[in-house]
Amino acid sequence: MRIAVLLSAGRHPVSGRPAPVPVELQALGLALGLSDEVTGLHAGPDIGPLRDALGHGLPRLIHLASEAEDDPVPGLAAALASGGFDLVLAGRAGQGGEDSGLLPYALARALGLPIVADAVALAPGAAPGTLIVEQALARGARRRLVIRLPAVVTVHPAAPAPAPFAFAAARRGIVDVQAGPSAAEPARPASEERPYRPRPKLIARAGAGASAAERLKAATESASGGGRLLVAPSPEEAAGEILQHLRALGLLPGR
Amino acid sequence: MVPGTARRRLDRAQRVPAAEAAPSAITAAIDAAPRLVVIAEPAYLVALVPDAPGGRLTPADRQLFGAARALADAGGGAVLALVERPGEEFGPAGADRVLALPVSGYDPEAKALALNAALAALDLRHVLFPESADGGDLARRLAALSGAPFFAAAESLSPKAVTRAAHGRRVEQRRAPPRLISLAPDAVAPHAGSRHEALPVAFAFPEPTGGGILSAEFIPADPAKVPLAEADFVVSAGNGVTDLATFRALVAALNATPGASRMLCDAGLMPRSAQVGASGTVLDARGYFALGIAGAPQHLQGVARCEHVIAVNTDLHAAMIERAGLAVVADAQLVMPALLRLLQDEARQPERQP
Ligand SMILES: Cc1cc2nc3c(=O)[nH]c(=O)nc-3n(C[C@H](O)[C@H](O)[C@H](O)COP(=O)(O)OP(=O)(O)OC[C@H]3O[C@@H](n4cnc5c(N)ncnc54)[C@H](O)[C@@H]3O)c2cc1C
Ligand SMILES: Nc1ncnc2c1ncn2[C@@H]1O[C@H](COP(=O)(O)O)[C@@H](O)[C@H]1O
């Protein structure tokens, strides 16, 4: 199976220095668990710290050299279409750029391939040309999908960590620089940029000027409440009521 | 300041009646029954696509309604909910119109194609999605399909501007709300104060075509393994529980994740990773079942986000009893075995309907 892993130029979340994006290295780990024919792809002006991916076991990295302002989609789409890949893996979202996670979807659309999001495990399917994808959902739940190849799959941060960095592997891997087509980014309505300021989350909302006791109450109470009270029931009665209540809330498998 | 005194002084007790007149007017408005608002001729439509797993709205879905109402009410627009399964919850949540999508099973591509048809034909001004696993996926599919401008994971939203974090959370981007927006959790307050009519809308969707997904199977989380912060249903023991063996058996029988108060963790009876509260884990669970827990403020902070709380305590005046949706004043050592017995009885006769 021929697999392409899309690697973007990231920045370290704390230091802000150029660094590979962790979830893309996890995608590389999943790819190497499936096949040996794995190729990395990056479109951008500079390969910089993406050489680290070679140390995590990537045998070959194609660098589509282009300007920083260029749209990466046409170049990547052309390289993927001519490469004959069965599977394209990308991160859920980049880290250090626009970080909207839109690129894999735009690429799947340009290539006419199906796309599946948030993989944490991949395995070859029973029928040839299929792939079993385990998808991460909220609260530790999973969904197992069988998809037809070729396809684009994005990887979730809950996926297993990649193989550790090895210096010898980094020396062995090759970087292949190719000229990417220069396509201007489609005109987007400009958005104003300013330094980031964390916003308070909506958990506790006591009115301005409320006393300390009121603010504590807002922080510890929730909207629900005004509940039912059973005083000194028999244990059996209490147990029956609790189970019925849990069922009504859908917290227990119903009967 | 205390009015009417010769010398001006700061009032720290804040028990002056004059200062209380304003807040009580606000509470009176909230206490009144929500009035029904009818928007017959909307100037434009603001659509939203809630996750609504199994037809129930999640907290993120309710916040989505709050955001859509803010965008619609600014110019006489109406809120259109695009849902898989119409239900009664949408009117009180804030939907003026409801449109059922022709989707069955897990097929996000078919859902995105249906949304794309509605986006073009109904001239939707905005379409809002929750930035959840399925909502975020759907938003990006629609953005790629339609080519409409998309604003991912908005952290604040008003009719004038939306903002989001970019460049590794170093930069805040701000612009006028574009056509497609996905909303980060806890960014906007849920809609409250008025009911809406939730009129069903008819729309001829194009025939769905087969996508690349051959089969889909849901695998529920293993509650014994999920981290406490991600758990859906937590059963927790406090100082009132002495019979921990029965407690563990009960947790397993209820298919829940175990938790504890700090007293039990300090005593080494439960692992520190199970501690719920300000200095332990703040839960995001839907359900919380507290056995023999007094409900100290430090503990209650950990359950502030839980939708449903059940408490068993011998003390009628415990704070946990006040916080609970179902409160049982009884001895936990007697209730736990009774619950176990009832669950075992039910397991033995699986066909009987209650
Ligand atoms: C800085 C700081 C941080 C803290 N952080 C946390 C935290 O993160 N999490 C936390 O939990 N605590 C925290 N605490 C401790 C907290 O203040 C309380 O001491 C603790 O939560 C009390 O635990 P409890 O309710 O289990 O015990 P108790 O206060 O001893 O309450 C036991 C309850 O069980 C009831 N009871 C007794 N016998 C029975 C019976 N047979 N059946 C049923 N009910 C019975 C009693 O009526 C009582 O209400 C913190 C304290 C400090 C100072
Ligand atoms: N210039 C690029 N070259 C290669 N892959 C990219 C590039 N930009 C983004 N990607 C991939 O697309 C994913 C999502 O990126 P983004 O849409 O920028 O959040 C990343 O995790 C990468 O796998």
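How would you rank A:87-94, B:170-177, B:80-87, highest first, on the average number of other Cβ atoms within 10 Å across their residues? Display every interim value, and only then the final one.
On the way: A:87-94: 25.8, B:170-177: 17.4, B:80-87: 20.8.
Per-residue mean Cβ counts within 10 Å order the peptides as A:87-94, B:80-87, B:170-177.
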Other chains' Cβ within 10 Å of B:134-145 residues: what's the mean? 5
Normalised by the residues of chain A, what does the relative contact order come to in percent, with Cα pairs under 8 Å and at least six apart? 22
Heavy-atom accessible area per residue - the protein assembly as shown, 1.4 Å, Å²: 48
Solvent-accessible area lost in complex, 30 Å² minimum, residues of segment B:91-113 relative to chain alone, 1.4 Å: B:Y106
Quick query: amide H of B:M270 versus all other amide H atoms, modeled in the peptide plane; which residues come in under 5 Å with a sequence gap of 5 or more or a different chain? B:C265
Shielded residues, segment B:294-321 - accessible-area loss of 10 Å² or more between chain alone and all protein chains, probe 1.4 Å: B:P297, B:L300, B:Q301, B:A304, B:R305, B:E307, B:H308, B:I310, B:L316
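Using a probe of 1.4 angstrom, how much of the accessible area of chain A is carbon and sulfur, in percent?
Numbers: 7030 of 12590 Å².
The computed percentage sits at 56.
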A:D99 - accessible surface, heavy atoms, 1.4 Å probe, Å² rounded to 10: 40
Output needed: percent of Cα pairs per 20 Å distance bin for the protein assembly as shown, bins running from 0 to the one holding the longest distance. 17, 45, 32, 5, 0
Kirkwood Rh, Cα Rg: Rg to Rh for segment A:36-166? 0.95
Quick check: Cα centre of segment B:157-173 to Cα centre of segment A:44-83, how many Å? 28
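Note down the net charge around A:A166, summing +1 for each Lys or Arg and -1 for each Asp or Glu among other residues with Cβ under 15 Å from its Cβ.
On the way: positive: A:R51, A:R171, A:R172; negative: A:D52.
The answer is +2.
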Note, A:A117: beta-carbon cut-off 11 Å, +1 each Lys/Arg, -1 each Asp/Glu, net +1
Pop out the ³J(HN,Hα) list for segment B:252-257 in order, Karplus 6.51 cos²θ - 1.76 cosθ + 1.60 with θ = phi - 60°, rounded to Hz; leave Gly and Pro as x. 5, 5, 7, 6, 10, 9
From the backbone phi of segment B:258-268, what are the Karplus-calculated ³J(HN,Hα) couplings (6.51 cos²θ - 1.76 cosθ + 1.60, θ = phi - 60°) in whole Hz, Gly and Pro given as x? x, x, 7, 7, 5, 4, 6, 6, 5, 6, x
Furthest towards positive pole of dipole, B:L157, B:V38, B:Q173, structure part segment B:36-200, Cβ charges: B:Q173
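So how do B:160-168, A:2-10, A:37-45 stack up, highest first, on mean other-Cβ count within 10 Å?
On the way: B:160-168: 19.8, A:2-10: 23.6, A:37-45: 21.9.
Result, highest mean Cβ count within 10 Å first: A:2-10, A:37-45, B:160-168.
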What shape does segment B:36-200 take by its C-alpha gyration tensor, where a ≥ b ≥ c are the square roots of the eigenvalues and a/c under 1.5 counts as rounded, a/b above b/c as prolate, and the rest as oblate? rounded
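Output the Kirkwood hydrodynamic radius of chain B, Cα pairs only, in Å rounded to one decimal.
Numbers: mean 1/r = 0.0422 Å⁻¹.
Kirkwood radius, chain B: 23.7 Å.
Report the per residue volume, in Å³, of the convex hull enclosing the C-alpha atoms of segment B:223-347.
Values: hull volume 11.5 nm³, N = 125.
Convex hull volume per residue, Cα atoms: 92 Å³.
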Cα convex hull of segment B:300-354: mean projected area in nm², to one decimal? 5.1
Segment B:139-218: proportion of alpha-carbon pairs further apart than 17 angstrom, %: 67
Report, largest value first, the span of the C-alpha coordinates of chain A along each principal axis, in whole Å. 77, 53, 38
What does DSSP give for the protein assembly as shown in terms of the percent of beta bridges that are antiparallel, rounded to the nearest 5? 30
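I'd like the interface area for chains B and A: accessible area of each alone minus the complex, both sides summed, 1.4 Å probe, protein heavy atoms only. What is it in Å² to the nearest 100?
Values: alone 20060 and 16340 Å², together 29080 Å².
For chain B against chain A, roughly 7300 Å² becomes buried.
Keeping the other protein chains in place, figure out the carbon and sulfur percent of the accessible area of chain B, with a 1.4 Å probe.
Exposed carbon and sulfur together represent 55 percent of the surface.
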Counting Lys and Arg as +1 and Asp and Glu as -1, each charge on the Cβ, what is the dipole of the protein assembly as shown about the Cα centre in debye, to the nearest 20? 1340
Going highest first, how would you order B:184-190, B:199-205, A:20-26 by mean Cβ packing within 10 Å? A:20-26, B:184-190, B:199-205
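Determine the sum of side-chain charges near B:V46: Lys and Arg each +1, Asp and Glu each -1, restricted to other residues whose C-beta is under 14 angstrom from that of B:V46.
Values: positive: B:R69, B:R97, B:R125, B:R179; negative: B:D73, B:D96, B:D123.
Residues close to B:V46 contribute a combined charge of +1.
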Whole-Hz Karplus ³J(HN,Hα) for segment A:154-164, in order, using 6.51 cos²θ - 1.76 cosθ + 1.60 and θ = phi - 60°, x for Gly and Pro? 9, 10, 9, x, 7, 5, x, 5, x, 4, x
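The values are calculated or read from the model by the stated rules, or taken from the named source; none is laboratory data. Quantities reported herein were computed from a predicted structural model and do not represent experimental measurements. Cβ atoms come from the backbone with ideal geometry, glycine included; neighbour counts cover every protein chain shown. Keep in mind that these areas ignore ligands, DNA and RNA; they rest on the heavy atoms of the full protein, side chains included. Shrake-Rupley method; radii C 1.70, N 1.55, O 1.52, S 1.80 Å.
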